[in-house]
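One structure is given below, encoded as structure tokens.
Bear in mind that the values in this text are calculations on the coordinates, not laboratory data. Keep in mind it's a predicted model, so treat the numbers as computed, not measured. FYI the Cβ positions are ideal-geometry reconstructions off the backbone, even for glycines, and counts take in every protein chain you see.
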Amino acid sequence: MTSRESPRPIAVIGAGFSGTMSAIQLLARLEPQRRVLLCERAGTFGRGRAYATGNPDHLLNVRAANMSAFPDQPEHFSDWLAQSTFDGDEASGIRVTPGGTFAARGLYGRYLTDLLTRAVTGGDGPPRLDLVNDAVTDLEPAPGGFTLRTEGGASYPIAGAVLAMGNLGAPGAPRSRHQADPWAPESFGRLHPDRTVLIVGTGLTMVDAVAALRRHGFPGRIVALSRRGLLPSAHAPVQPWPMPDLTGVNTVSALAARIRREIERAGAAGLGWRGVIDALRPVTDTVWRDLPASEQARFLRHLRPFWDIHRHRAAPPAAEAIADEIARGTLVVRAGRIRSITDTAAEAIVTLRPRGAAEDEPLAVQCILDATGIGRVAETDDALIRRLMERGLVRPGPFGIGLDASADLAARGSVQAGPLWVVGPLLRGVLWECTAVPDIRNQAAGLAGAVARTLSVPG
């Protein structure tokens with residue numbers, strides 16, 4: 001590169017929270033001459049699937065006080081809420097509870113859109129953030145980095161790329177013509193009030209799916225099914241607890257026993273378990289990486305559902321709505337697994353095996369919503385991920401639930417090519433807690449430093 005040439009841009013693929021904050025952090029860390037391409041196939045930037053909803057009953061699962069997009073500005077989101085003006089529907093999405101203030105996901109999407117707008121229009125020099133509203137289909141290795149190609153036929157020479165596409169879709173239940181997208185209420189169609197809707201999964205996505213069905217106008221019976229039938233715990237007032245000493249803990253059994261002892265100590269002090277679990281956040285990924293692969297596998301088989309319902313809690317109003325549905329019998333939560341699905345013109349006949357039962361039973365439903373969450377890399381229908389795996393540029397990470405990456409988030413594959421990084425939920429397996437804002441904002445800041453070091457222009 002001569003002194004007159006501008007350096008090639010860095011591309012960030014995916015413009016949900018992971019990609020948006022990676023792009024914003026990169027703008028702050030890269031040399032002023034280097035541009036950032038933020039690529040998004042959906043119609044809007046900054047929101048992703050999680051924050052594109054307009055349903056005020058879709059609440060964040062983390063208190064507003066801990067939802068700042070910036071690790072060094074902890075009050076940033078709370079201040080934005082206090083200083084912004086909202087109409088009636090938007091204002092109804094701010095819920096103040098004894099367990100903290102919780103905002104609607106759509107409001108958080110507006111917050112991210114504001115941050116992105118400032119990033120595009122701010123600064124003293126020419127704009128450095130370019131928005132590419134197209135699906136990225138390939139990263140072709142080329143001298144100096146890659147050629148990024150899009151579904152629309154455009155191509156861009158880039159120095160490197162950040163993969164920030166969020167959660168990979170899970171195939172979940174066997175496919176059905178009556179399956180709909182829980183994040184796209186328009187796909188629900190006209191639902192008959194006297195016929196059942198099935199939600200596969202009983203975690204936080206199920207909570208949002210129930211809210212989406214009710215907002216859609218469906219008043220009827222909902223059945224939620226998962227292997228264990230466990231529901232997320234609710235947030236409540238919590239007192240801080242000191243970080244437990246987990247030195248030398250290298251088995252799942254020892255880890256569980258240590259956490260139980262901490263919870264007993266907290267109980268003896270008149271405090272609940274929530275503070276103990278919250279105190280583990282700074283060390284969760286260190287503990288995960290230090291566990292042998294065999295112990296990580298044991299955690300996934302036996303403890304993951306129990307960890308998730310305690311670590312990832314529901315906003316109190318959302319949890320209360322689910323409890324009310326169960327009490328009225330309009331929501332039935334079941335433990336079991338799907339054996340098969342047979343479609344007819346009007347409904348799906350789901351054959352399920354209740355947990356602990358010896359016999360299958362049929363369940364006729366008019367609609368199936370998949371709320372299972374985590375997909376496997378080998379099963380993804382994401383065209384870019386599949387192409388990168390074919391090229392050997394990336395590979396599945398531990399247990400196949402994310403992409404492999406090094407400690408500085410550089411992607412690992414069988415072929416050495418231009419610099420490629422991974423951020424956010426795609427790191428599941430390499431890291432454990434990589435889906436919540438407090439975890440991803442730290443990743444984005446660290447990633448920006450790693451990218452800046454790699455792409456630094458020689459003096």
Once phi is turned into θ = phi - 60°, what whole-Hz ³J(HN,Hα) does the Karplus curve with 6.51, -1.76 and 1.60 give for every residue of segment 419-431, x standing for Gly and Pro?
x, 9, 10, 10, 9, x, x, 5, 8, 4, x, 5, 10
Give the long-range amide H neighbours of Arg355: residues separated by 5 or more places, or on another chain, with amide H under 5 Å away, using H modelled in the peptide plane at 1.01 Å from N.
Ala335, Gly336, Arg337
Rg (one decimal) and Dmax (whole number) from the Cα set of the chain, in Å, equal 22.8, 74
Short version: ³J(HN,Hα) in whole Hz for each residue of segment 17-22, in order, from phi by Karplus 6.51 cos²θ - 1.76 cosθ + 1.60 (θ = phi - 60°), x for Gly and Pro, what are they?
4, 4, x, 4, 6, 5
When Ser294, Ser456, Ser22 are ranked with the fewest other C-beta atoms within 10 Å first, the list becomes Ser294, Ser456, Ser22
Taking amide H positions as placed 1.01 Å from N in the peptide plane, with prolines and chain starts having none, which residues 5 or more places from Ala135, or on another chain, fall under 5 Å of its amide H?
Glu151, Gly152
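Can you tell me the length gained on complete extension of the stretch Arg328 to Arg258, counting 0.36 nm per residue apart and subtracting the Cα distance?
Gain on stretching Arg328 to Arg258: 21.3 nm.
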Quick query: amide H of Gly373 versus all other amide H atoms, modeled in the peptide plane; which residues come in under 5 Å with a sequence gap of 5 or more or a different chain?
Ala170
Equivalent-ellipsoid semi-axes (√(5λ), Cα gyration tensor) for segment 253-372, whole Å, largest first?
36, 21, 13
Calculate one ³J(HN,Hα) per residue across segment 52-65 by plugging θ = phi - 60° into the Karplus curve 6.51 cos²θ - 1.76 cosθ + 1.60, and present them in order as whole Hz with x for glycine and proline.
8, 5, x, 7, x, 8, 7, 9, 4, 8, 10, 4, 4, 5
Can you give the charge dipole size of segment 252-308 about its Cα centre, rounded to the nearest 20 debye, using +1 on the beta carbon of Lys and Arg and -1 on the beta carbon of Asp and Glu?
120 debye
Farthest towards the positive end of the dipole of the chain, among Thr251, Ile322, Pro126 and with Cβ unit charges of +1 on Lys and Arg and -1 on Asp and Glu, lies the Cα of Thr251
How high is the FRET efficiency from Arg353 to Ser456, r the C-beta distance, R0 51 Å, rounded to 0.05?
0.35
Three principal axis extents, largest first, for the C-alpha atoms of segment 1-102, in Å?
59, 30, 22
Of all alpha-carbon pairs in segment 341-459, indicate the percentage at a distance above 26 angstrom.
42 percent
Kindly provide log₁₀ I(q)/I(0) values, in the same order as q = 0.20 Å⁻¹, from the Debye equation applied to equal alpha-carbon scatterers of segment 252-308.
-0.79
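Take Leu363, Leu388 and order them by how many other Cβ atoms sit within 10 Å, fewest up front.
Least crowded to most crowded, the residues run Leu363, Leu388.
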Measuring from the longest principal axis of the C-alpha atoms of the chain, the long axis of helix 437-454 (C-alpha) lies at a number of degrees, nearest 10, equal to 20 degrees
Give me the extension gain from Arg49 to Gln73: residue separation times 0.36 nm, minus the current Cα-Cα distance, reported in nm with one decimal.
6.1 nm
Separation of the Asp290 and Asn66 label points, Cα + 7 Å toward Cβ, nm
2.1 nm
